[in-house]
Amino acid sequence: MAYGSDILSFFQLIRSFPLKHHLLATASAVVAGMAFLVGGQALAAPATSFTPAQRAEIVGIMRDALQNDPSILTDAIRSIREKAEEQKQDSTLAAVKAHQSELQSAPDFAIRGNPHGKVTVVEFYDPRCSYCRSMMGEVDRFLTRHPDVRLVEKVVPVLGSNSVLDTRAIFAASAQGKYDVMRKALMEDTTKPSMERIVALAQANGLDAKKLTADMSSPQTVALITTNLDQGRAVGLDGTPTFIFGTAAVAPGALEADQMDAFLERARKA
């Protein structure tokens, strides 16, 4: 990697990271932590206190350090990323605690496992998300292993028009007591989404296709989708799947069994 002629290349690299987690504060901490490179100069002092000669000396020292030991930059970037993740987790958990009641509430049809379970796990998923689909069996096994878990499903169509179409069908099926049937049918189906395909799946699974089609545009269906999307935004949902274990941990992405068990244990101890 070319480091450029001055320290600006370092700051430009820092600024290339997303700033929504306030990385400028982290970048400042990283630079302050490298004060030892200046050989006694008060690097932590405000930049306006440096003379042109001092600034030139700092730039030279920093350039030489980075050229001779590129791991300094690697470590700084790693530190920034780790700090950003910590800040995001703290921010998200604060939002989870603030919205705990809404997040852990759902219609009966969207609650799985033990409805009176000691620990509530919330799952945000998109029916078209391949990672969400891959987690279906893992979630089933997780609930079997832990009969004290109450799982609250939050369907959120975040991947475009096909996601919206499938989500509308899943919620519409709840009016016929077939939410879970339609959820599984659509998430296991590999055919290109369309109204014709939804009608065919509905008929194959014992639903009244005409009623389902009408209910897909009902105020109740719209309200259910809007509620879940609003809750996702409230906690800064980044993608699907995302699991919230009590108020102790937010885990985005597909998880393995041991990871889910570890997060659950953390929630139990919280």
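Odds and ends about this structure:
- Hz values of 3J(HN,Hα) by residue in segment 62-75 - Karplus curve (6.51, -1.76, 1.60), Gly and Pro given as x: 5, 4, 4, 4, 5, 5, 7, 9, x, 5, 4, 5, 4, 5
- Ligands, DNA and RNA are left out, and with a 1.4 angstrom probe the accessible area of segment 113-244 is 44 Å² per residue.
- Solvent-accessible area of residue 184, all protein chains in place: 80 Å² (probe radius 1.4 Å, heavy atoms, ligands and nucleic acids excluded).
- Euclidean distance between Cα centres, segment 218-266 to segment 66-106, Å: 17
- With every protein chain in place, segment 229-270: carbon and sulfur % of accessible area (1.4 Å): 49
- Peptide ranges 257-265, 155-163 listed from the most packed, as the mean C-beta count within 10 angstrom indicates: 155-163, 257-265
- Among 143, 186, 255 - extreme Cα towards positive end, dipole of segment 119-270, charges at beta-carbon: 186
- Candidate lysines for bridging to residue 192, where Cα separation is under 20 Å - those fewer than 8 sequence places away on the same chain excluded: 184
- Candidate lysines for bridging to residue 88, where Cα separation is under 23 Å - those fewer than 8 sequence places away on the same chain excluded: 20, 97, 154, 269
The values are calculated or read from the model by the stated rules, or taken from the named source; none is laboratory data. Owing to the predicted nature of the structure, the values given are computational and were not obtained by experimental measurement. We place every Cβ from the backbone using ideal geometry, glycine too, and count neighbours over all the protein chains shown. Accessible surface areas use protein heavy atoms only, side chains included; no ligands, DNA or RNA. Shrake-Rupley method; radii C 1.70, N 1.55, O 1.52, S 1.80 Å.
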